[in-house]
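Asks: Dropping the structure in here first, questions after.
The values are calculated or read from the model by the stated rules, or taken from the named source; none is laboratory data. If you're wondering where the values come from, they're calculated on a predicted model, not measured in any experiment. All Cβ positions, glycine included, derive from the backbone under ideal geometry; neighbour counts span all protein chains shown. Areas reflect the complete protein model, heavy atoms only, side chains present, ligands, DNA and RNA absent. Shrake-Rupley method; radii C 1.70, N 1.55, O 1.52, S 1.80 Å.
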Amino acid sequence: MADDVRELLLSTTADADPSTPLSAPDLRLLIDHLRHRSDRLHASALSFASSNREPLASALLRAASSAASSASLQSSLQSALSPLSSSPDLSDLRSLSDRLVAARRELRERQEHLAAASSVASLSARLRAARASANPLDAAAAAAELKPLLVNPEGSGSGGDEPVVFGLLRGEWEQLVDELQVGLSKNVEECVEFAPEGGKVVVRAGPSGSSSGTPGVELRVALQALEIIDSLDYGMAKVADLMVKHVFIPAISNISVTVSVEVLEKSGSTYPASVLSIVPSEELQGYKDGSVLYSRIIDVIKFARKFICVENITWTQSFAKLTWSRISDLVITHFLSKAVPDEASKLIEFQDVIRGTTEFENTLRGMMFISPDRKDGKLTQFVDDVEVHFAVRKRNEILVKARYILVQYDYKNPLASDDHGDSVVDLLFQPEKCFISKSALQLMKLVHGALKDACLSSARVAKEFCCAARDALLLYKAIVPVQLEKQLNSISPVAAIIHNDFYHLSQEILGLAFEYRADFPSGQQKLVVFVDLAPIFSQMADGILRRQIQFATANLSEAIDGADGFQNTHQSQHCESAKFSIEQVVFILEKIHIMWESVLPRSIYRRSMFHVLGPVFSRITKDMLLIDDMAAEETLQLQGLIHLALENLSSLFLSLVENDDDKFLDHHTWVQLDESIPSLKKFRKLAELLDMSLKSITAAWESGELANCGFTSSEMRNFIKAIFADSPLRKECLGWIAANPA
């Protein structure tokens with residue numbers, strides 16, 4: 001306001017000092033200005049009020065109402081705070097608030113307890129009524145109605161944890177359901193009686209007598225009550241099991257039987273009854289396409305549907321669920337598996353069985369006995385896969401035959417058999433022959449037969465035949481080495497034959513793809529593989545032969561050890577010992593020669609003997625060259641031992657040369673042997689050195705002849721020192737050899 005007045009004064013007296021006192025004219029002028037502004041504001045307010053009369057009136061009414069409410073609230077607040085006017089502390093107010101909250105909580109809990117008690121009382125009364133009901137349908141309906149309330153009690157008002165009383169009520173409900181299940185199941189069993197000897201069933205509409213002493217109910221009522229409490233499968237389980245044992249098994253497993261149905265009318269107090277009997281038939285009925293068997297099964301199922309399930313679809317499906325799996329297994333076991341052809345040419349005849357089986361399952365679908373979505377089409381699935389079943393049967397037969405061949409064959413003396421010539425076979429990829437066992441020969445015939453059948457079969461059947469061929473070959477690898485472990489752990493002709501078997505099989509396996517792949521069904525030409533087995537069998541053959549060579553080398557080394565390094569052979573005792581050692585070596589080598597030459601392929605025989613002979617001659621030569629002092633007589637003895645060995649091994653040497661027509665060891669033969677067995681050349685040259693003069697030895701060294709035979713400078717110096725006494729000539733020769741090493 002002071003600012004507005006100052007503004008009016010300044011507007012009239014612009015040059016006046018604001019601190020200067022006002023004169024009377026100024027005051028009158030100021031009053032006039034104020035009056036003029038007031039009139040103008042008043043006119044403006046009247047104009048606004050007249051133009052906004054209704055909103056202003058409404059606002060005034062609301063203000064009046066708010067004022068009244070405020071006054072009422074002020075009065076209520078004063079009344080509420082009046083008890084506290086004497087004390088400024090707020091503890092009484094908090095205590096009062098806590099009591100108010102507790103009271104409200106207690107009221108809510110009592111309401112919940114009252115609701116729970118009412119529910120418990122209602123459920124308990126309904127349970128008592130259900131247990132006391134004489135009508136099983138009423139009891140079952142009551143149990144079904146109480147199930148959602150007791151099994152999943154959501155409206156009990158208990159919040160998180162369930163009251164104990166509901167657990168007790170649930171226990172009573174479960175006991176009620178168990179009593180209904182047991183009682184109604186026994187009632188159903190009493191309505192369906194089976195003859196102890198089997199093949200006969202009597203179905204009555206009601207039980208003839210109650211074993212528990214309580215009156216029974218009709219079969220229809222019992223099944224209906226079981227359905228209400230979701231125990232239909234439980235109630236029909238025993239009846240279904242006995243139907244399979246006493247009716248379906250005799251009807252399916254026996255060929256010469258018929259199904260007889262007899263309906264007995266009600267007489268007196270007894271219920272009407274129906275009798276189904278499986279009776280023997282004098283006429284021998286073969287299953288052939290299965291129509292007779294399927295008709296018999298349909299008759300039994302119709303009887304069960306009409307008299308046991310009372311034409312109720314739900315009950316029929318429950319009966320089917322309990323019996324169909326076993327029925328289909330019986331049909332497969334006693335009919336379909338036996339009807340699978342033994343030969344591929346008879347697969348066409350099986351089409352009648354496929355057609356009859358399909359019609360049988362379609363009939364059962366029309367009766368609602370099995371599901372219409374082919375989920376239960378176990379029999380159709382079996383006959384549709386008849387080619388696979390045929391192939392699996394043939395595969396099993398092939399493996400059984402292969403195992404019998406391998407297990408029953410006598411390997412003790414395979415070379416003494418009368419048909420020895422049949423076991424000598426040509427190698428597929430080498431121009432040689434070898435002796436194999438009859439088991440390997442028969443096994444390959446079995447494999448070739450399986451693959452020939454595969455070439456004439458469909459893709460699925462061909463696959464099984466090829467797998468059978470592979471498995472048969474792998475059976476040899478799995479059985480024979482284990483069965484003949486003792487023979488394979490020593491030098492024996494059996495080990496050589498087993499080597500030949502593996503070697504022959506490895507080559508035959510390589511040839512299978514070339515022989516049969518082009519004739520395989522198109523879908524199997526790239527999938528069937530045998531070549532991966534060839535390295536396995538080849539490695540097995542190499543491993544067996546390698547162990548035989550190791551055993552032979554070990555035995556020969558042990559025999560050479562008996563010579564005690566060929567020391568002091570000028571003494572009688574040591575000479576005899578060395579001679580016996582050489583004879584043992586010759587005996588072992590001749591034994592191996594006789595054993596291997598008649599069995600192994602020639603190239604493998606020669607290579608193996610070279611591996612055996614090389615270390616023998618090298619060891620004997622080394623031992624003789626290590627003698628540090630030789631008497632003249634001793635050199636003669638050593639030379640005699642070398643000649644003894646060479647003479648006694650002449651037949652062995654002749655068997656190793658390429659031109660085996662030679663009957664004598666001529667120069668050409670020795671050249672071949674020396675090239676193949678370098679240690680033999682050195683061994684033979686040592687015999688010559690033992691009888692040569694010092695000058696001759698020196699000349700032989702100068703010419704390089706001794707070096708070509710494998711002698712080293714140190715060996716020759718030691719040899720000269722051992723034979724010749726110290727002399728200027730020996731010293732000169734030793735110096736010359738040392739100065740001119742090979």
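Asks: Kindly state, to the nearest 0.05, the FRET efficiency for ALA43 paired with ARG94, given R0 = 41 Å and r defined as their beta-carbon distance. Don't skip to the answer; put the middle values down first.
Replies: Working: r = 59 Å, r/R0 = 1.45.
With a Förster radius of 41 Å, E is 0.10.
Asks: Sort ILE737, ILE405 from largest to smallest accessible area, using a 1.4 Å probe on the heavy atoms of the protein chains.
Replies: The most accessible residue leads, giving ILE405, ILE737.
Asks: Separate question: For region 294-346, with all protein chains present and a 1.4 Å probe, just round the carbon and sulfur fraction of the accessible area to a whole percent.
Replies: Taking all protein chains in place, region 294-346 shows 50 percent carbon and sulfur surface.
Asks: Please list, in order along region 456-464, the HN-Hα scalar couplings obtained from phi with the Karplus expression 6.51 cos²θ - 1.76 cosθ + 1.60 (θ = phi - 60°), rounded to whole Hz, x for Gly and Pro.
Replies: Listing the rounded values in order: 9, 10, 6, 4, 5, 5, 4, 4, 5 Hz.
Asks: Arrange the residues ARG395, ARG108 by how much accessible surface each exposes, largest first, with a 1.4 angstrom probe.
Replies: So the residues, ranked largest to smallest area, are ARG108, ARG395.
Asks: Follow-up. List every residue whose amide H lies under 5 Å from the amide H of MET630, counting only residues 5 or more places away in sequence or on a different chain, with H placed 1.01 Å from N in the peptide plane.
Replies: It is ILE723, by chain and number.
Asks: Multiply the residue separation of ASP299 and GLN442 by 0.36 nm, subtract the distance between their alpha-carbon atoms, and state the gained length in nm to one decimal.
Replies: Additional length available on full extension: 46.3 nm.
Asks: How much accessible area per residue does region 320-401 have, counting only protein heavy atoms and a probe of 1.4 Å, in square angstrom? Can you show the working numbers first?
Replies: Values: 4180 Å² over 82 residues.
For region 320-401, the solvent-accessible area averages 51 Å² per residue.
Asks: Quick one: accessible area per residue over region 595-742, 1.4 Å probe, rounded to a whole number of Å²?
Replies: I get 47 Å² per residue for region 595-742.
Asks: I've got another one for you. Whenever you get a sec, compute what percent of the accessible area on region 623-735 sits on carbon and sulfur atoms (1.4 Å probe).
Replies: Details: 2730 of 5510 Å².
Carbon and sulfur atoms account for 50 percent of the accessible area of region 623-735.
Asks: On the accessible surface of region 440-502, probed at 1.4 Å, how many percent belong to carbon and sulfur atoms?
Replies: Result for region 440-502: 58 percent of the exposed heavy-atom area is carbon or sulfur.
Asks: Another one. Using the Karplus curve 6.51 cos²θ - 1.76 cosθ + 1.60 with θ = phi - 60°, what ³J(HN,Hα) values do you get for each residue of region 224-236, in whole Hz, with x for Gly and Pro?
Replies: Ordered by residue, 3J(HN,Hα) equals 5, 5, 5, 5, 5, 8, 6, 10, 5, 4, 5, x, 9 Hz.
Asks: List the residues whose amide H sits under 5 Å from the amide H of THR258, counting only those 5 or more places along or on another chain, with H placed 1.01 Å from N in the peptide plane.
Replies: Sorted by chain and number, the residues that satisfy this are VAL279, SER281.
Asks: Now, a different point. For the residue pair GLN573 and VAL531, what label-to-label distance in nm results when each label sits 7 Å from Cα along the Cα-to-beta-carbon direction?
Replies: Rounded to a tenth, the inter-label distance reads 6.7 nm.
Asks: For TRP670 and SER281, compute 0.36 nm times the residue count separating them, minus their Cα-Cα distance, and round to one decimal in nm.
Replies: Full extension of this stretch gives 131.1 nm more.
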